[in-house]
Structure formats: structure tokens, C-alpha cells
1. Nearest 10 degrees, 0 to 90: what angle lies between the long axis of helix A:533-548 and the longest principal axis of chain A (Cα atoms)?
2. Once amide H atoms are built 1.01 Å from N in the peptide plane, which residues 5 or more positions from A:M301, or in another chain, come under 5 Å H to H?
3. Hey, could you get me the Stokes-Einstein D for chain B, Kirkwood radius over alpha-carbon pairs, 20 °C and 1.002 mPa s, rounded to whole µm² s⁻¹?
4. Among A:531-539, B:28-36, A:412-420, how do they line up by average Cβ neighbours within 10 Å per residue, starting with the highest?
5. If you take each beta carbon of peptide B:59-69 and count the beta carbons of other chains within 10 angstrom, what is the mean?
6. Rounded to the nearest 500, what is the 222 nm mean residue ellipticity of chain B from helices alone, with -39500 (n - 2.57) per DSSP H run of 4+ residues and division by all residues?
7. Residue-wise, which Karplus ³J(HN,Hα) couplings in Hz belong to the stretch A:82-93, taking 6.51 cos²θ - 1.76 cosθ + 1.60, θ = phi - 60°, and x for glycine or proline?
8. Hey, can you grab everything whose amide H is under 5 Å from the amide H of A:Q168? Only 5+ residues off in sequence or another chain; H modelled, so Pro and N-termini drop out.
Amino acid sequence: MPKLTINNIEVEVPAGATILDAAKKLDMKIPTLCYLEGCKPVGACRVCLVEVKGFKDPVTACSMPVSEGMHVFTNTREIRKARKSVVELLLSEHDGDCQVCDRNNDCELQKLAGDLGITRVPYPGEKAKRHFDVSTPALVRDSAKCINCRRCIQVCGQIQGVGSLFPQGRGYETYIGPAFCHPLSEVTCVQCGQCAAICPVGAISERDQVEEVWEALDDPDKFVIVQTAPAIRAALGECFDNPPGTLVTGKMTTALRNIGFDAVFDTNFTADLTILEEGTELLTRLKKALVDKDRKVALPMFTSCSPGWINYAESFYPEILDNLSTCKSPQQMFGAVAKTYYAQKIGKDPKDIVVVSIMPCTAKKFEAQRPEMAASGVTDVDIVLTTRELGKMIKQAGIDFNSLPDSEMDAPLGISTGAADIFANTGGVMEAALRTVYEIVTGKDFPFPKLHVTPVAGLEGVKEASVKLTGLLPEWSFLEGVEVKVAVAHGLSNAKKVIEKIKSGEAEYHFVEVMCCPGGCIGGGGQPRFTDNNTRLARIEAIYREDEGRKLRKSHQNPAVQELYKEFLKEPLGKMSHKLLHTHYKAKERV
Amino acid sequence: MDKECCTCTCGAEVPESELFARLDETLNEYHGKPGNLIPILQIAQVLFGYLPEKVLKYISKDLNIPYSEVAGVVSFYSFFSTHPRGKYLIRVCLGTACYVRGGKEVLNSLKKILKIDVGETTEDRLFSLEVGRCFGACGLAPVILVNEKVHQRVKPSKIADLLAEYKSSEDTEGELQ
């Protein structure tokens, strides 16, 4: 382990660590605009310059490996001057309309300029060319704000394995975007929004739909209801300066009511419903394979809650589409149930109901507008806002979020169990499914301590577990002794690893959970910036806390879901479920 | 590569399926070799005369390199073209030496006479116009390249004559190379 000093303080780090890693260990802050945890450093922004004794020129801390006896200085006159010049040059090209920018007060470049004491831009000159790309339902891009840091390229290529973006052209004309500067809609993009989540400036954001929600709320003829995804409650607080992992379920509910929604509901309700449908689907597939010896049944079954993952599978692995659960995502199940079952209950025409979703996700905006998502006869989910957009909406309404009292969600679509909460975390859908499937087939309590399937929890990219089924109820005896093997992947490059392992025969599973974004939905592309692993872990922990604090923690115990089946759907995978809650997938050409 | 070049710029029409078959051979030959993208693109450009999107998408899929990255490489190097080119490709150097010695004026004169812009091809498919950044002949500045031939100390006023020579060589079926 090489030893070095930074600002005369000694530190020891593993060989291969960079100066930036060493500084982090000492809690010393070196600014950077291009560094991205878990990716190969690119040294593109030049902001992390430091001085190393014996070196003629400053070096970039993010890409410079440490060596034994190195003496690093981060705060010399030369370094302050160099960093300032670098940022001044970035500002000279950057089309900064800060006060009216989507990233006002949430911009890393703006903050850094302030931190470095830059009060004017001494190099007036040509600005980067403006191309607006509004071609997709989820994301908007503005090249005039791009500072060519390449974080989006790293996250899209290395973390997600999609590679929609790359520098096009060269020199001053370099444009970060899809092939030949085509609109994003013309190339393969899964709409996950990880690029928007890590963009340091206002170059990539979600399509802002806040105004559409205000319009619906102001329309006296519309009955506007809202659903909130499980991951929102562990992250929304960050929009109001709370530390990551602050649970704000009660305050969020009050805020939504104060904003003016006619009913405040929970995507958790349909997360529970998903478990009953998906769990039954898994058991049906297993029965077909094991009892009926049906060779056509596709196993392993993959989860289908994550629309970014669905987009990825449709483009990159069309051969596994039969393996995807036919269950719609909880967001879409909610829309379909709200505009049929709930509409009947309150005596409203589904045309007069507006369903708004609050999602940690940008791909949900894409999912909601898929033409097949109109099982109720009208568009099931009308408007999708990200966590960040909800944060803005609360601010626009002049609500002092942190001093709000807690309140409860409305019945019946606001009633849920702890199993639904954990849908937010990687491994959570798997755990929730296992809690229910195990109890259905054994009639016994789920035997895991605190109900957690620890091997599939946490930030490891690919996780595996197995559950042996013994002492089964008579109708499930065909599964007696079967060891159910499961795998969990998050981040699409990890999903790819699992699929390749299955295809090569290296691994065999019955059930695989894939969440598109690293950490699961808590790390979604629509979550408050900035999401690193510490933030992910804090949100994951908060979600488990939420689950553990519940009386009911298994989806099949949800009384409102039980009532929905009794009154309306009749049975999982029944005719009504098939119509409202299930979907199909289409192979797409990869570009 | 020179042989391939002759077969493909002589004007004889080769069916597209044949071109793709030859591209497949190249892809097989370079399969798994690190840094194979650029040589493959170079050969593809010789085969097809330019790099159509269809070919680039084909290469991207075969090499499992994102299309955005293939496009990024193609758009980075001025020697790659995504547009069909004329029989004579004129590259005007605008590197520092050529620029200060009147490269820009040479370019403007070419644009005016050929009635095309940079990146375009004349209607008779005879001339294409591109800009280059230094051909390593700074002592002869300003220079232009017509296919492989370097023309040195080019004067804007002499451009018309130069082009006329190429045109007349067409009429007599000869090559000026």
C-alpha cells in the first residue's frame, strides 16, 4: 500500500488508487465535473488539478495513480489559479442562463464558479452551438449547455452498456450525442435517464411536465389523482436539504394533498398486486415446466417492473422476450385499475379522471405513452413526474415542506404492505415475491430473519440466492424438494452478465429480477441529484426501515388488494387481470 | 488495398451484395483484433466509395461497438466520408501553414468554380470537395490533394486551369495521375 502526503497529511491507499481516492479518504475535497464513481476516469474537465512535488505541471487528481512518497498539494496559489482558469474557460463556452435554467441552484458548474470566486468571465467568445433535442418522451437535451465532461457517455456505455451517446466530430465542434447528431429517438436509448441524473449542468434533463399537472388541477371538470412510487419517500426529502435516507412518506402525502390532488394514492398498492399476479405467473410457469413437461414454457422468468429494462430487452435481447413476466409495471397496473375499478366505485367516467404518477424514473414517462397502455379504454397513466419535478412543484406551490405534518394516504388505492415498499431497492421485488410465493405453496411463515433475503440485498452487481421448498401444501406438492434459484441484477451491464451466463448454460435460474438503474429505483434517473453509492445505501436502508415499521409486510395480506380480487378481478391471471394487468413486448431493431 | 482501390474507383458497378460479401471477409479477417475499427472503416470506404449509414450500422453490429461510437470515429477523421464522392476528391489543406499562405482563398475559388460547398459533390459526380488539416507538406503551402496527387503552391487564379485539365483528361479517357 503506497503512502503519500496530501497537504502534508499522511495517507495510505491501495496500489492503483488515484490522488482523488486518497483525498477522499482524508475527507479532503477536490472539485471535479467529470469524475464518475465506478467508471474509468477520463480527465476531461481538468478541474481536479493538483500539484505534485517534482512534477513540472499540475496533474488531474482523478486519473493520476498515487505512488510511494508522493507529496500532493491541493491548495496552492498556482492550483487555485489554474482551476479558476479552467472553469472560466468552461464558462466562456457555456450558454449559461442560470436564473431560468432547469438546473438553477442544482448545477455543479454554477456552484463551482461560486466556490472558486469567479465574478466575471474574462474570455468572451463563441458559445457552443445550440441543438435542442426534444425527440423522446422522457429526456430533453440542450447542447449549448454541455461542457463535454463525458459523464453521460460513461454512464450510458459503461454502467448501462447501451452506448447511445458518444462525442461526434472534433475540436470546438465536438457534440456529445447520438450517432451523427441524430435525434435521440432515432437511435437505441432505453430512456433510463441515468445521463440526466449525473449531468453536472443543464444539458440533459427529464421532459418537464409540471405545467401539465397544474393545468389538470386547475380544470374543474377533471378528477386528478396521484400515485407515488415506493422510491420517492426515501429521496424526496433531499430536494428540501434533508440528508439522503430521510423518510418523508407522511410529509409527501400532506404536500400532495395541499397541492390539490383529489386523492392521494400509492403505487405500492399495485406493487402488492404485481406480486400476486407475478407470483402466480411464476408458479404457473413452474407447473407447466415440471408437471406438464411443456418444453415451450420460458424459464427463467424475468421481472418486468422496470421500463428501462424492458426497453433494453426489446432492443438488445429480443430472444428472451418470452421470458419476461407479462405483468405490467405497478405504475401501469395502477392506471388501469384506477380508471376501471376505482372509477366505477366513485361513479366517474374514466375520461374525467387524470392519473398523475410520481416516479424516480424517466423511462416511466416513456412507458406511460406506449400505445398498448390504454387497457381502461383511455390512456391509463396521463402524466408522469420525476421526484425532482415533484420537488419543484412543491416549491412552486410555496409549501414549506419540512414543517408539514404527516398524513395518511387515501383508501383504497393508498393501502399497501411493506413488501411493496421494498420494490424500490435492488433485490426488493425478488424478496417481496419470495415472501408471498413461499407462503402460498407452504402455508407456513416465510423463514428468513426479519423477512429479509439478505443475499439478494445490497449493491453487489449480480446477486444469487436459492430457497428450498419442503413440506408443501397438497396442491403444490409437485414443487416438493425443488430448490428455487434466483438471481438479481441492477444496472443494465449487470443484467447483460446474467443473461449471457444463462445463454451459455453457465447458470440456471427460475426467477431473475432486473432493475435498470444501479441500486434499483432508489437510484433512478429521476431522483434528486447527486446519487452516489453512499446516497444509494442511505436510501436503501430507509426503505428497509419503512418496510420493517409496517404491521403488514406481505403482499397477499393487503386487505385492499384482497377486496379488489373479490369485487372485481376475481383471481390472479384471470380474464380481467389478463385484460388490465398484463401486456406483451415487441422486438425492436437496435441502432 | 491498392488493388481493391483500382477495382472500385474505375466506375464499374459492383452489386451491393458482392460489396457486403467483401466487407464480411474483412470483418472476419479483423475479428477480435484490438483497434480493428479504423482499418475496417478504411477498407469499407474503399469498397463502397464512401461510408453509407447502412454499412456503418452493419459494422457496429458485427463488432458489437455502439453505433454512436462508430459514428464518433467516422466524424472525427476528415478522411472518412459519409457521402458519395466524385471521381476526383479534392482536399484543400487548411492547416496552419496553408491557411496563412492563402488556403482559404484557394478553397473559396474551388467552391465558386465547382458550385459546391465543402462535403458536396458536383452533379456530374466528377469532383468532391473536402477540407484537410495538414498533409505534411507545409513547405509547399498552400497545397491541395486531388485523389493521391499533391498540387503545391496553388494560386486561386490557376484553379480553373487545373480543373479543366482533369475534365479534359476525362474526355480522352486518360488519367492525370
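1. Between helix and principal axis, roughly 30 degrees.
2. Distant-sequence amide H within range of A:M301: A:F511, A:V512.
3. 123 µm²/s
4. A:412-420, A:531-539, B:28-36
5. 6
6. -14500 deg cm²/dmol
7. Along the stretch A:82-93, the couplings run 5, 4, 4, 4, 4, 5, 4, 5, 4, 5, 5, 9 Hz.
8. Those lying under 5 Å, H to H, from A:Q168 are A:Y175, A:I176, A:G177.
Here, each number is a calculation from the coordinates, and none is a lab measurement. Computed from a predicted model, the values in this text were never measured in an experiment. Positions of Cβ are generated from backbone atoms using ideal geometry, with glycine treated the same way; all protein chains shown enter the neighbour counts.
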